[in-house]
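The values are calculated or read from the model by the stated rules, or taken from the named source; none is laboratory data. For clarity, every value in this text was computed on a predicted model and none was experimentally measured. In case anyone asks, the SASA skips ligands and DNA or RNA and just uses the protein heavy atoms, side chains included. Shrake-Rupley method; radii C 1.70, N 1.55, O 1.52, S 1.80 Å.
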Amino acid sequence: HCVTHVLSKDFYEYFYSSQVGAISRPYGGYEYPQQAGFVPPDMMQQQQPYTGQIYQPTQGYTPASAQSFYGSNFEDEPPLLEELGINFDHIWQKTLTVLHPLKVADGTIMNETDLAGPMVFCLAFGATLLLAGKIQFGYVYGISAIGCLGMFCLLNLMSITGVSFGCVASVLGYCLLPMILLSSFAIVFSLQGMMGIILTAGIIGWCSFSASKIFISALAMEGQQLLVAYPCALLYGVFALISVF
């Protein structure tokens, strides 16, 4: 009886240990380190010791300079006047061409859309009329726009190469310069007498001759200067009537 009791006790202990081992065996492969918590070891980063001062943190981000941000140097950029299309050398050459009717016009310079000089000349013409007691800024700009549109259509019909509206406005605006001299004389003297009529006719011929010379040079219209000068004289005649009356 004692032997049976000892054998049964040993069998029971063996059976219990084998069952407990079988139950706990599937979970035996997972070992969770206590110090790492639930973070895998490959995601753990080694902490670097802080070597800076408490109130003076280190600069972690270096801002890029303006030159590296935009990718170009400010010194290599063109001047502002060149970007706006204002060339004082060409303005001076065009002005001399208008003031000197017998001078040969340079077609390459005249065939440019330069509206800086014409705007200044139109403003100067209106200012001289204002000094003479005539507020005609609206008429000056309105007649200029209508005249440029008419000459644009006419020159495109007459020429083979064609011309842009900006080029027509530029040439007609530069040739308005002699008309400023007429309006300046109107401030001091009256232009309604015989001398005024002669002076007015001479200024109209001057403006129309300069404009037609520039147009035939830029558009290669040899032998057609008189045909171009006639509509130009009609346009500048309107400005002359504003100056006289």
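Report the gain in length on full extension from H100 to A145: 0.36 nm times residue separation, minus Cα-Cα distance, nm rounded to one decimal.
Result for the pair: 13.7 nm of gain on full extension.
As a test question: what accessible area, to the nearest 10 Å², does L241 have when a 1.4 Å probe is rolled over all protein chains in place?
100 Å²
Suppose accessible area is computed on protein heavy atoms with a 1.4 Å probe; arrange V171, V188, V238 from highest to lowest.
V188, V238, V171
Given the Cα-Cα distance of V120 and F165 and 0.36 nm per residue of separation, how much length would full extension add, in nm?
Value of the extension gain: 14.4 nm.
Could you give the length gained on full extension between Q93 and M194, defined as 0.36 nm per residue of separation minus the Cα-Cα distance, in nm?
Length difference between fully extended and current span is 33.0 nm.
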